[in-house]
Amino acid sequence: MNYLVTGGTGFIGSAVVRMLLKQGHSVRVLDDNSRGALRRLQDVAGDIEFMERDIRDGAGVEEACRRVDAVCHLAYINGTEYFYSQPALVLEVGVKGMLNVLDGCRKAGVGELHLMSSSEVYQTPPLIPTPETVPLVVPDPLEARYSYGGGKIISELLAINYGRQDFSRVTIVRPHNVFGPDMGFQHVIPQFVQRMRASDEPVFPIQGSGQETRSFIEIEDFAEGMRIVLERGEHLQIYHLGNDQETSVAEVARLVANSLNREIEIQPGSLLPGSTLRRCPDISKMRALGFQPRIPLADGIDRYVKWYMMRA
């Protein structure tokens, strides 16, 4: 098939591009590299068609949708610091970008759309592990953080409701804390590595008590999950793609310290407004398609630290 991947020079996007190429598909990438980096695709540059476009540019997106069979839409502004500092831009890129992709697909007759959403659409989950059927929530429209989750909720609604009449297949994937080499530095594991490398002090301050939890999936496992969704995912279905091994933030810090041969003493602190105390996906729907995460968190952290140390 011929695929368009928007946001294809990002951390997750570039992994999706490589997975598609490995499966024998033709791939066109659209990105403005404002958050991504073309160097992530340097080794496969001769195997892709790259279009440097802003997802907010309707004409550019329409051009990119021509002569493709399916679109994987990942273009968005990620990174917690941006949710707080540039919420209007997060929403503009998210909502305008989604509408441009839908218009481009409809005009070009693209049959399939696969949307990358987020676990942030339900914020504080009412159930742990969390299934795809929980309510989508914006707890406080005045809190800047929810610009990200709010934009993803709108994107899901647009994809589903346009999908009812304009597409042969639409799927939605909600990633849960994907990590690995060359991810952005605005996330918890890279920040822990950077901070421990910058200081030999044993006291290690963190946000919150340390008992807050997340469930991390290594990028290779995530790419395999995406392959399965693209091959077997059903029309108008939502899939939580992650690992259902719940880990405390304190344990993540200890695993990073172990990988760096460090001893640390965790110092609890205050949480940012809107932070979620627990997050762990129910991945039963993905398992029913044949998916199984294989890379333990400790091994994934070791891999990330080795990548970081080679570039430090």
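Does ILE206 satisfy the condition of being buried (at least 19 other Cβ atoms within 10 Å of the Cβ), closer than 29 Å to TYR148 by Cα and hydrophobic (A, V, I, L, M, F, W, C)? Taking the combined requirement at face value, the residue satisfies it.
For segment 13-21, does any single residue satisfy the condition of being at pLDDT 95 or above, surrounded by fewer than 19 Cβ atoms within 10 Å (Cβ to Cβ), over 25 Å from SER118 (Cα atoms) and out of contact with any Gly (no Cβ under 7 Å at 6 or more places or on another chain)? No.
Results for (1) among the charged types (D, E, K, R); (2) surrounded by 20 or more Cβ atoms within 10 Å (Cβ to Cβ); (3) modelled with pLDDT under 95, shown as yes or no for each residue.
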residue: HIS187; (1), (2), (3): no, no, yes
residue: GLU201; (1), (2), (3): yes, no, yes
residue: LEU230; (1), (2), (3): no, yes, no
residue: HIS235; (1), (2), (3): no, no, no
residue: SER275; (1), (2), (3): no, no, yes
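The set of residues from segment 285-308 being among the aliphatic types (A, V, I, L, M) and either without any contact (Cβ under 8 Å) to a residue 40 or more places away in the chain or touching a strand residue (DSSP E or B) at 6+ places or on another chain (Cβ under 9 Å) (or both) comprises MET286, ALA288, LEU289, ILE295, LEU297, ILE301. Residue selection: GLN42 fails the criterion of being under 20 Å from GLU220 (Cα atoms), surrounded by fewer than 16 Cβ atoms within 10 Å (Cβ to Cβ) and either in contact (Cβ under 8 Å) with a residue 40 or more places away in the chain or not assigned by TED's automatic domain parsing to the domain that holds ALA108 (or both). For segment 40-60, the set of residues classified as touching a Ser or Thr at 6+ places or on another chain (Cβ under 8 Å) and either part of a helix (DSSP H, G or I) or among the small types (Gly, Ala, Ser) (or both) consists of ARG40, LEU41, listed by residue number.
Residue by residue through segment 97-124, note down the ones that are out of contact with any helix residue (DSSP H, G or I) (no Cβ under 8 Å at 6 or more places or on another chain), touching a residue at least 12 places away in the same chain (Cβ under 8 Å) and farther than 22 Å from PRO273 by Cα. GLY111, GLU112, listed by residue number. Return a yes/no flag: does segment 146-159 have any residue that is closer than 16 Å to ALA70 by Cα, buried (at least 17 other Cβ atoms within 10 Å of the Cβ) and aliphatic (A, V, I, L, M). Yes, segment 146-159 contains a residue that is closer than 16 Å to ALA70 by Cα, buried (at least 17 other Cβ atoms within 10 Å of the Cβ) and aliphatic (A, V, I, L, M). Here ARG169 fulfils each of the conditions (1) modelled with pLDDT of 95 or more; (2) of a type in the set (Lys, Arg); (3) surrounded by fewer than 16 Cβ atoms within 10 Å (Cβ to Cβ) apart from (3). If you check ARG53 against the conditions, is it in contact with a strand residue (DSSP E or B) (Cβ under 7 Å, 6 or more places away or on another chain), under 10 Å from THR6 (Cα atoms) and assigned by TED's automatic domain parsing to the domain that holds ALA108? Spelling it out, ARG53 is indeed in contact with a strand residue (DSSP E or B) (Cβ under 7 Å, 6 or more places away or on another chain), under 10 Å from THR6 (Cα atoms) and assigned by TED's automatic domain parsing to the domain that holds ALA108.
Annotation: MET226 fulfils all but one of (1) within 18 Å of PRO281 (Cβ to Cβ); (2) surrounded by 17 or more Cβ atoms within 10 Å (Cβ to Cβ); (3) in contact with a Ser or Thr (Cβ under 8 Å, 6 or more places away or on another chain); (4) of a type outside the set (Ser, Thr, Tyr); the unmet one is (3). Restricting attention to segment 15-32, the residues that are under 15 Å from GLU52 (Cβ atoms) and touching a residue at least 60 places away in the same chain (Cβ under 8 Å) total 0.
The values are calculated or read from the model by the stated rules, or taken from the named source; none is laboratory data. The structure displayed is predicted, hence computed values, not measured ones. Glycine also receives a Cβ, built like all others from the backbone with ideal geometry; neighbour counts cover every protein chain displayed.
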